[in-house]
Every structure is written in structure tokens, then in C-alpha cells.
Amino acid sequence: MAIDARVLLIGFGNMGRALARGWLGRDVPADALAAVDPAERARAEARALGIDAAASPRDIAGPVDVVVVAVKPAEVPAALAECAGLRTAAGEPPLVLSIAAGKTLRSLLAVLGEGRAAVRAMPNTPAAIGMGMTVLVASPAVTPAQRSVCTALLEAVGEVAWVEDERLMDAVTAVSGSGPAYVFLLIESLEQAGVAAGLEPALARRLATATVAGAGAYAAAADVPAAELRRQVTSPQGTTAAALEVLLGADGLPALLARAVEAAARRSRELGN
């Protein structure tokens, strides 16, 4: 999907850089982008990509269609307040797309004003290599055209899904937002188990990382549920079956992950309040 908008990126940290590179890779011209960051080093990195960069939104010339907020949650109110004077070519306030974790639409509109077009998004770490998963929810004022722009912006770094009930964002955060850390822990644990079983650490690390990456890619490409894939690779009374008997026990992996996701969702609700 083409991206036809002038975009101001507030915050040029890891996620901001990933987004900018994704947009440039989708043939968005650098002059359609602008970045704001208080750190000179971050601004220099933006300029190295051909993107106009400034320390404040007040120093950005020209109209802005979309403001993408990619700063720490505590910095969001101040960042939004600095954008108060921005306008589109038609003289309207720009759409605000926030990727700040835990910042609800209500908290965004408390600064922007009721009736403004705002979208809350939850991307995850693999967006840095173009393989992210982002879920979005919109305020009532967001138009279909603005939704399309947000979809295009986030599809530049991975897959995109929308929800209509913002309360689901806590579960989204717990599954996909925090999910990469669970996978990294799986790799770490598999590596450690391999070393305990006698493998050299370097080989154990390589096996664990490649196995998780390959299995994930295989699951994404297959048109069947993960449970069916698991059954397909499990021979009765074989080695995989022996391992799964442990992992599927009463206190095994499914129950453990269920408790972990619930804990993350609960914490997301607490932060949102």
C-alpha cells in the first residue's frame, strides 16, 4: 500500500529509526519525512538518511499529515503539547499515531482535545528487521483514509491488525508486545539445556537460535494451526513425544505461558490506569 502523507516522527530512537528505514524502503521520499529528537546524535542519524531533523516540532517547516509519537510513555504529554501548532495543508490538525506503550486513547485525547483523530499502536521488537507485528485501535474521529495511512505506515515494518475494542490492547501487549522476550527466553533456555546435555556453547546457541527461527518461519508459511504442526512432527513414543510429555504436563509450558500472559496483561491494565 502506498504511503501518501507528510509524516513527522517524534523520537528517533530504535523504533523511530526502524520505522524511518521501513518507509524509505517503501519508496517514501525522504523529503516527505521529518524527525524531531532532542539528541543531536539522533538528529544526525536522521539527516544521514536524508530526513529533515530538528530539536522541536516548532522548527519543522511545512504542513504535516501524520505525527508519529515514538518517545517514552512519560514523555508523550510534553511531546503532544509541542505539536499543538502543527497543521495539514488543508489547515486541519494532523492525525496522531502513538506507538508509546501503555498510553491509552483517553490519555492522548486528554492532551490533544476530544474529537481529535488519534490512533494507538502496539508494535514489537522484530519491526527493527521488518518482521514486526503491530495492532492498532482508533479514536472515533479517525477516517477510513487515515486508517489506511496508518496501515501503510506500520506495514512497512511487518504485519498489521486492527481491533475495535481498546480493552483488547492489554492482551495484545501481553502476547505480541512482550512476546519476543518469551521467545528469547526459550532460545536462552534451549541453549542452556543443550550445554547441559553435552553440546559446546557455540553450537548449542546456533542450534537453539536457528531452530526457533526456522520453526517460526515454517509456522508462518504453513496454512495449518500450530497444534497440527506439532502433531505432524511428533512420532508416537519417539524423542519428541518424550519431551512433549514433560512440556505438556500439569505445570508445563501451556499453563506457564497462560500465567505469564495474564500477568503481563494485568500489568498493562495497571499502567494504562
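The values are calculated or read from the model by the stated rules, or taken from the named source; none is laboratory data. Since the structure is predicted, the reported quantities are computational estimates derived from the model, not experimental observations. For neighbour counting, all protein chains shown are included, and Cβ atoms are generated from backbone atoms with ideal geometry for every residue, glycine included.
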How many residues does region 172-201 hold that are in contact (Cβ under 8 Å) with a residue 60 or more places away in the chain and under 14 Å from the mean Cα position of the chain (by Cα)? 5
Flagged in region 128-159 as assigned to a helix (DSSP H, G or I) and of a type outside the set (V, I, T), in numbering order, are A128, P144, A145, Q146, R147, S148, C150, A152, L153, L154, E155
Given (1) at pLDDT 95 or above; (2) assigned to a helix (DSSP H, G or I), number of the condition T234 does not satisfy: (2)
Residue among A220, A171, A127, A213 that is assigned by TED's automatic domain parsing to the domain that holds K72 and aliphatic (A, V, I, L, M): A127
Could you please find all residues in region 176-224 being in a loop (DSSP other than H, G, I, E, B) and under 23 Å from A264 (Cβ atoms)? S178
So G25 fits all but one of (1) in contact (Cβ under 8 Å) with a residue 40 or more places away in the chain; (2) in contact with a helix residue (DSSP H, G or I) (Cβ under 8 Å, 6 or more places away or on another chain); (3) not aliphatic (A, V, I, L, M); what number is the exception? (2)
If V149 satisfies every condition in (1) in contact (Cβ under 8 Å) with a residue 60 or more places away in the chain; (2) within 26 Å of A181 (Cα to Cα); (3) out of contact with any Gly (no Cβ under 8 Å at 6 or more places or on another chain); (4) not aromatic (F, W, Y) but one, which is the exception? (2)
Within region 71-127, how many residues turn out to be part of a helix (DSSP H, G or I) and either exposed (fewer than 13 other Cβ atoms within 10 Å of the Cβ) or polar (S, T, N, Q) (or both)? 6
